[in-house]
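Since the structure comes first, as structure tokens, the remarks are kept for the end.
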């Protein structure tokens, strides 16, 4: 087979496997890039070469490896340029003294431990041609580096970018990154010259001179480029071509100086003017091809050089464990002790220690350079790849364990005690309202997931109608989760994530300002966060916030017409509170309600929410279609309903009509009745065709046929009181029955 065709086939396989494994790792809350690194290792001798050596030899023959190397080097150059673009000076505007101390100690401690470890490893796993100085410097750089890009994404996905911990971690990682790259540059200069001789010192001096040149002349030229961009209002292909030429030229200069290609590309990105629009446009135009096409090739190339089979003796695995222990403990204790000395509390200091252990892709870049220069052997390369994977893989779970989300102040939400109502013109009534509201300490809370503020006004209006009255304080939390499709793209950087959060919050505020009456806004407190899994995050937030109800809008799943499928189905299944799904069929009126009632706990919730609406809205009417089967005795069921209704105020009872249905086929009757009302409220019940069936499929017969808007209710807890605070004489007896 022609070599070019074979390389293209290899690229095809690499991209496909990288995406699949990356998405699998993302589903277990791991960075996408870790899955892609594992995919690269799977294609090498550690997995494919082990289980199917002939297939591996056919797919990845030696003659194609140089082509993969060229593609991977081009990918690395532009990836390092993207890292430089992301290195915003804003990250250094936080608690800089604490960050510098923490960062330097978290480098000094693992670097020192690596120097000690080098005394043991050098005679055992080092190449004979490499000097001890170069070996120790490279091992120190590998042990002390923190992967800023991966750490930034972990901070974004955990919504830490606005917290003290997130800000400190970003600043530490930025300082750490710059320091570690300087150490690596020195290590490369020493490795290429054999020792710290006159030539190595000259290389270091030339590197410093080039850095100074880029921060003066280079920055001046790039500022002129920025002025041109502002005048044009867009990034033309000519300007982008000039920038790409600058990336390659800068990379070549640092290579000729004697350090490495990646430093020049990183340096150009770092000195680029941090104009938000320009950086965003460059990143968006560059990153897709680099991250989807070129970077997986680098992972595959690295995977082909990773040979887990070299660790074929217990003593080698012990050495690998020792390397891992030194890497983890050096970073963790270095960051922890420094943070404690800076006045950070134990929990945040511990979380910072785990965050600084993130190594990821940056570590892989360092290791490949070391292997190319012959400073580290294939055996040590494999050990350090294992260390990079383990330290990055463990970051998210250890962060969650050390600093769980329930302890993180992710949003600035006003205190419940700050909620007030505007005074009415009737002083006597207003005094009575205030006294009544103040007698209840716990407000009624509704969590409203809002995917698109411009189209879900009806959903928020319904939440307002259910929650707000003058007898009990209320809080409505519109929850807008911004889902990032790619957790390694520019949008997932903390700065860009903050921009998206601000934009979404403004959209929600515009929605809130359209609600009537204006006092409604004082009850509504938006929550906006970044999320990689909307359904899972909604359930977690519900567990933390403990709302009385989740009111979610229906959306059509991508591969189904089912109203209760997709994310809605996941929320219904996993949320630890009562849930209601709103199928909005238009219309702002909410004057007539219909509750088809068949007597299960989900229909109980439907009736309870309808009664709450009836109490809150003086002009609202309710019709209850009481469904009886041959197993029900009409007297018992009617007595139960009537007993609860009799406890309601008279002006509420007068607006309730109870109609009994004894027909075996009642769906058509309900559909006909829905034609005359504004909202139908029904529980997830087999009677209404909206129950989860044995094959795991949600049906939605009533949702399809219903002529009015529909609210589908699912009860989680029979002790959640939606009515008792409004009807004190009810004594918390809200149709709570034990049913199978």
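A short reminder: the numbers here are calculations on the coordinates, not readings from a lab. In this text, all values refer to a predicted model and were calculated from it rather than measured experimentally. Here the Cβ positions follow ideal geometry from the backbone for every residue, glycine too, while neighbour counts run over all protein chains shown.
Taking the chain as the reference, fit the longest principal axis to its C-alpha atoms, fit the long axis of helix 378-393 to the helix C-alpha atoms, and give the angle between the two in degrees, 0 to 90, nearest 10.
Relative to the chain, helix 378-393 is tipped by roughly 20 degrees.
Nearest 10 degrees, 0 to 90: what angle lies between the long axis of helix 148-157 and the longest principal axis of the chain (Cα atoms)?
With rounding to tens, the tilt is 0 degrees.
In whole percent, what relative contact order does the chain give with Cα contacts below 8 Å and a gap of six or more residues?
Contact order relative to length: 13 percent.
Quick check: the distance between the Cα centres of region 207-269 and region 499-524, to the nearest angstrom?
43
Starting from the 7 Å offset along Cα-to-Cβ, what nm value, one decimal, do you get for the label separation of residue 220 and residue 341?
Roughly 4.1 nm, to one decimal.
Only counting other Cβ atoms within 10 Å, I'd like 213, 47 sorted with the fewest neighbours first.
213, 47
With a point put 7 Å past each Cα toward its Cβ, work out how far residue 654 is from residue 63 in nm, to one decimal.
Those two pseudo-labels are separated by 9.5 nm.
How much of the DSSP bridge set in the chain is antiparallel, in percent, rounded to the nearest 5?
If I count the DSSP bridges inside the chain, around 15 percent turn out antiparallel.
So for each of 541-551, 578-588, 28-38, 516-526 I average, over its residues, the number of other beta carbons within 10 Å; can you give me the resulting order with the highest mean first?
Ranking the peptides 541-551, 578-588, 28-38, 516-526 by packing returns 28-38, 541-551, 578-588, 516-526.
Return one number: the angle in degrees, 0 to 90 and rounded to the nearest 10, between the long axis of the Cα atoms of helix 237-257 and the longest principal axis of the Cα atoms of the chain.
40
In whole angstrom, how far apart do the alpha carbon centroids of region 97-124 and region 577-632 sit?
One Cα centre to the other: 65 Å.
Between residue 645 and residue 503, what's the calculated FRET efficiency when r is the beta-carbon distance and R0 is 51 Å? Round to 0.05.
0.60
Once you compute Rg and the Kirkwood Rh from C-alpha atoms, what is the Rg to Rh ratio for the chain?
1.07
So what's the gap between the Cα centers of region 126-158 and region 8-39, to the nearest angstrom?
About 23 Å separates the Cα centre of region 126-158 from the one of region 8-39.
What ranking do 597, 301 get, fewest neighbouring Cβ atoms within 10 angstrom at the top?
Ordered from fewest to most neighbouring Cβ atoms within 10 Å, 597, 301 come out as 301, 597.
Can you put 228, 260 in order, fewest other beta carbons within 10 Å first?
Starting with the residue having the fewest Cβ neighbours, the order is 228, 260.
Tell me what the chain gives for mean residue ellipticity at 222 nm when only DSSP H runs of n ≥ 4 count, each as -39,500 (n - 2.57), the sum divided by the residue total, rounded to 500 deg cm²/dmol.
Helices in the chain give a 222 nm mean residue ellipticity of -18500 deg cm²/dmol.
Hey, rough spin-label estimate for residue 120 and residue 8, points 7 angstrom out along Cα→Cβ, what's it come to in nanometres?
It is 5.1 nm.
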